[in-house]
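First comes the structure, then the notes that go with it.
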Amino acid sequence: MLVTSKPRRGVLLRLALILAGLAALAAPSLAEASPATPSGRANVANYVEVSGYLDSAAVSFLTRQIADAQSDDSAVVILRLDSPGALDASVGPVLHAMRESSIPVVVWIAPGDAEAGGAAALLTLGSHRAVMTSEATLGPAHPVDLRSYRGEGEGDDGSTLGAIEDAAGESGRRLDPAAAERLVSVGLTAEEAVDMRMVDGIEPTVQELLQSLMGAEFDVASGTVTLSEEPFTLRFVKMSLLERLTHSAMQPEFAYLLLLVGFFGLVFELYNPGLGAGGIAGAAALAFSFHAFTALPVSWLAVGALVLAFVLLTVDLGAGKLGIVSMLGLAALLTGTLFLYSGAHPAVRLGWWAIAGGILMTFVFFVQAMTSAIKARTAKPLPGAEGILEAVGVARTDIAPDGQVMARGTLWRARTLGAAIGQGTAVKVKGVSGLMLMVEPTDEAPAQSDVDTPVPTDAEPNGR
C-alpha cells in the first residue's frame with residue numbers, strides 16, 4: 001500500500017524565509033573541474049534540487065538550468081526531485097529542454113521517502129536516466145496538475161496515460177500497458193518501478209549515484225555521449241532569492257499563514273499610525289499570499305470568510321472589548337480556515353498544525369497582544385503630560401516613526417505624526433497618547449537647556 005500523503009518538511013524554515021528575507025541570492029558555485037571527458041566536457045555534475053510543487057517558478061528554474069548546463073563545462077545534470085506534481089503549470093518546457101539537451105539529464109527521486117507524483121512522474125520518465133531511493137515512490141501520475149483534481153474516485157480520461165507514454169517514448173522507454181495504468185492510478189514503489197522498467201535503478205545516496213554514472217553511455221540530442229570514468233565534481237545550483245520566495249509561498253500552509261500575518265500587520269498599523277514595519281510587512285505578506293491563491297485551488301468564499309473574520313475582530317477591538325462580535329469573528333475564522341482548500345487534492349490541503357496554529361495565533365494577537373497595546377495607548381497620561389502640549393523640544397534620536405524627544409528638561413518617548421524626523425530637529429508636541437508624545441517638525445527654536453542637556457547612556461524616557 002502506497003502512502004500518498006506525508007508531513008511536509010521544512011515548513012517553518014520556509015515561512016521564516018518569506019517573512020524576513022533571510023536567504024541570500026544563491027549563485028552557482030564553480031568547482032574546479034576534473035580532467036575532460038572524451039566529448040571534451042569537464043567532469044562536473046550540476047546538482048539541482050526541487051522540492052514541493054512544480055509551479056511556474058520551479059518550471060522556469062529547471063528549464064533554465066538544463067539550458068545553462070550545456071553552455072558551461074558540465075558533463076551531466078542531476079535533478080533531485082521530491083514533488084507531488086504540478087500546480088497550475090505545465091512541465092512541457094522542461095521535457096522539451098531534456099529532449100533537446102546535448103548532455104544527459106538524470107532524475108533522482110530523493111531523499112528518503114520522496115515522491116514523484118503527477119507531472120513529476122512525467123519528468124522522471126522523460127529523463128535520460130531515472131533512479132530513486134529504496135523508500136521513494138513514483139506516482140500516481142494522475143492528475144498531472146493537482147489544481148485539476150475533481151475528487152476521490154476520479155478516473156483518468158486517457159490524457160494522463162497518453163502524457164506518460166509520450167514522455168517515456170521521447171526518452172526511449174518502453175512501458176508495459178498494465179504497468180503504465182498502475183502508475184497512473186496507484187503509483188509504484190521503488191522495487192516495482194525498477195521491475196516494470198519505469199526507472200533504471202535504486203541509488204540510496206548521491207555518492208552511489210555518481211559512481212554509477214562514471215563511464216555511462218547516453219543517447220542525447222547531439223548523439224551518443226560517454227561520461228568520463230574519473231570521479232565527478234558536484235556543482236550545486238540553487239534558485240535565486242525571488243524564485244525561492246515565490247516557490248515557498250506557493251505551499252498551502254504558507255499562503256494561509258501569510259494571509260493571517262498580513263492581516264496582523266495591517267491591524268497593528270491601524271492602531272499605530274504612520275507607515276511602519278508592521279504595515280510594510282503586512283502588505284508584503286498579503287501580496288505573496290494572494291499571488292499564491294491565484295494558483296492554489298482555494299475557495300474564494302472561504303477567503304471572504306477570513307476577511308470578514310478580521311473585520312469583525314477589528315470592529316470589536318475598536319470598541320475596547322471582545323464580545324459577541326468577536327465570537328462571530330472567530331467562528332468566521334474557523335469556517336474560512338476549514339474550507340479554504342475544500343475539495344482540493346489531499347496534497348493541497350491544510351495540515352492540522354496549520355489550522356490549530358493559525359487560530360491560536362489570531363486568538364493571542366487580538367485577545368492579548370492588541371488589547372494590551374490599546375490599553376497602554378489609552379492609559380491616563382503621566383503626571384505633567386497634559387501641560388506639555390504645544391511645547392517645543394528637540395529630537396534626541398531619529399523618530400521613524402518612534403524615537404526620543406527632550407522637552408522641558410525631560411526625556412520622552414515620541415512618535416511622528418507625519419514623515420520621519422531626523423535627530424537634532426526641533427519638534428512641537430501636538431498631542432499625548434497614553435505614554436507617548438505625538439510630535440511634528442517646527443521652525444520654532446527649542447529651549448537651549450533641552451538642546452544642551454546631556455542624556456546618560458542608561459537613561460530611559462519618561463514615557464517608557
* To do: Could you look through segment 208-249, keep only residues that are closer than 30 Å to residue 288 by Cα and in a strand (DSSP E or B), and pick out the one that is most open to solvent (accessible area, probe 1.4 Å)?
  => 236
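From the set of residues in segment 393-413 that are within 18 Å of residue 271 (Cβ to Cβ) and under 36 Å from the mean Cα position of the chain (by Cα), which is least open to solvent (accessible area, probe 1.4 Å)?
Within segment 393-413, the subset within 18 Å of residue 271 (Cβ to Cβ) is 401-402, 413.
Keeping just the survivors that are under 36 Å from the mean Cα position of the chain (by Cα) gives 401-402.
Numbers: 401: 37, 402: 60 Å².
Selected residue: 401.
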* Asked: Identify, please: which residue in segment 79-94 is out of contact with any Ser or Thr (no Cβ under 6 Å at 6 or more places or on another chain) and surrounded by fewer than 23 Cβ atoms within 10 Å (Cβ to Cβ) and is, among those, modelled with the highest pLDDT?
  -> 80
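For segment 101-118, check the following and say yes or no: at least one residue is more than 25 Å from residue 46 (Cα to Cα) and either over 29 Å from the mean Cα position of the chain (by Cα) or open to solvent by 20 Å² or more (accessible area, probe 1.4 Å) (or both).
No, every residue in segment 101-118 fails to be more than 25 Å from residue 46 (Cα to Cα) and either over 29 Å from the mean Cα position of the chain (by Cα) or open to solvent by 20 Å² or more (accessible area, probe 1.4 Å) (or both).
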* Being under 28 Å from residue 204 (Cβ atoms) and either at pLDDT 90 or above or open to solvent by less than 20 Å² (accessible area, probe 1.4 Å) (or both), is that true of even one residue in segment 16-35? -> no
* Just one of (1) closer than 27 Å to residue 250 by Cβ; (2) modelled with pLDDT of 95 or more trips up residue 128, so point out which. => (1)
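Condition check ((1) open to solvent by 20 Å² or more (accessible area, probe 1.4 Å); (2) part of a helix (DSSP H, G or I); (3) at pLDDT 90 or above) across all residues:
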position: 297; (1), (2), (3): yes, no, yes
position: 301; (1), (2), (3): yes, yes, yes
position: 308; (1), (2), (3): yes, yes, yes
position: 313; (1), (2), (3): no, yes, no
position: 316; (1), (2), (3): no, yes, no
position: 326; (1), (2), (3): no, yes, no
position: 334; (1), (2), (3): yes, yes, yes
position: 341; (1), (2), (3): no, no, yes
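Out of 191, 181, I need the residue that is of a type in the set (D, E, K, R), touching a helix residue (DSSP H, G or I) at 6+ places or on another chain (Cβ under 8 Å) and outside any loop (DSSP other than H, G, I, E, B). Which one?
One residue alone meets the criteria, 181.
In segment 119-135, how many residues are surrounded by 24 or more Cβ atoms within 10 Å (Cβ to Cβ) and not aliphatic (A, V, I, L, M)?
So the count comes out to 3.
The values are calculated or read from the model by the stated rules, or taken from the named source; none is laboratory data. These numbers were taken from a predicted model, which means no experiment stands behind them. Because the Cβ atoms are built from the backbone with ideal geometry, glycine has one as well, and the counts that use them run over all protein chains shown. The protein model used for the area step is the full one, side chains on, heavy atoms only, and it has no ligands, DNA or RNA in it. Shrake-Rupley method; radii C 1.70, N 1.55, O 1.52, S 1.80 Å.
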